[in-house]
Amino acid sequence: FRHNGFRNRIFAVDSSPAMLSRLRDNLAAYSQQTPIRVLQEDIRGVDLTGAGVVALNLTLQFLPPEDRIGLLRRVAQSLVPGGALFLTEKVRLPTSELDSLVREMHHEFKHAQGYSWTEIAQKAASIKNVMQVDTLEEHKTRLRDAGFSRVKIWHRHFNFLSILAER
């Protein structure tokens, strides 16, 4: 926020009251006031016109697959020329064997961070039929179809990746 100089407007959007409550708690921990407007809305209905940067963090995987391209097209059309989308998603890997191996490694990582095996199993079961993940290639194709000219991976960890897509 220091680099922003408080000149730009920052919005945080989520439809989950629990997620927004946790965000507000985290923001309150900052000693300096953060100029973030928190909105409890469905991102598919938020006006993004004139945005320079949009970040979608673990968003598409919770939307029905048929709604994903529409949201990305709206983002691309809303961005100012030269604007960018930072997209972070969990991805499905090319083979089921590799996907299973990386999922196991991620569960081991979570356990090493203090999560119990029961918590890890409950989380996996709770999102199994809710979260529908795509492959990297599906994301790249969809971003290009939505109107983004350059699509680059800028971070990858286990089966999560972050993409920078420029308009």
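The values are calculated or read from the model by the stated rules, or taken from the named source; none is laboratory data. Here the structure is a predicted model, which is why all the values come from computation and not from measurement. All Cβ positions, glycine included, derive from the backbone under ideal geometry; neighbour counts span all protein chains shown. SASA here: full protein model, heavy atoms, side chains in, ligands and nucleic acids out. Shrake-Rupley method; radii C 1.70, N 1.55, O 1.52, S 1.80 Å.
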Self-check item: Total residues in the range 65-77, condition without any contact (Cβ under 8 Å) to a residue 60 or more places away in the chain and surrounded by fewer than 17 Cβ atoms within 10 Å (Cβ to Cβ)
Solution: 3
Practice problem: Sort out which residues of the range 39-54 are in a strand (DSSP E or B) and open to solvent by 60 Å² or more (accessible area, probe 1.4 Å), and write them in order of number. | Solution: Gln40, Val53
Quiz item: Are there any pairs with C-beta distances below 7 angstrom linking a residue in the range 41-64 that is at positive phi and in contact (Cβ under 8 Å) with a residue 12 or more places away in the chain to a residue that is of a type in the set (Asp, Glu) and in a strand (DSSP E or B), with the two at least 6 apart or on different chains, and if so which?
Solution: Leu58/Glu89
Quiz item: Of the residues Ser149, Ser100, which is in contact (Cβ under 8 Å) with a residue 12 or more places away in the chain and more than 20 Å from Pro65 (Cα to Cα)?
Solution: Ser149
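What helices (runs of 4 or more DSSP H) completely inside the range 80-167 contain at least 2 residues that are crowded, with 16+ Cβ neighbours inside 10 Å and acidic (Asp, Glu)? It would help to see each step written out before you state the result.
On the way: elements: 96-112, 117-127, 136-146.
Helices (runs of 4 or more DSSP H) meeting the threshold: none at all.
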Quiz item: Which of the residues belonging to the range 13-39 are at pLDDT 90 or above, closer than 24 Å to Gln77 by Cβ and not small (Gly, Ala, Ser)?
Solution: Val13, Asp14, Leu39
Quiz item: Is it fair to say Ala112 is on the phi < 0 side of the Ramachandran plot and in contact (Cβ under 8 Å) with a residue 60 or more places away in the chain?
Solution: no
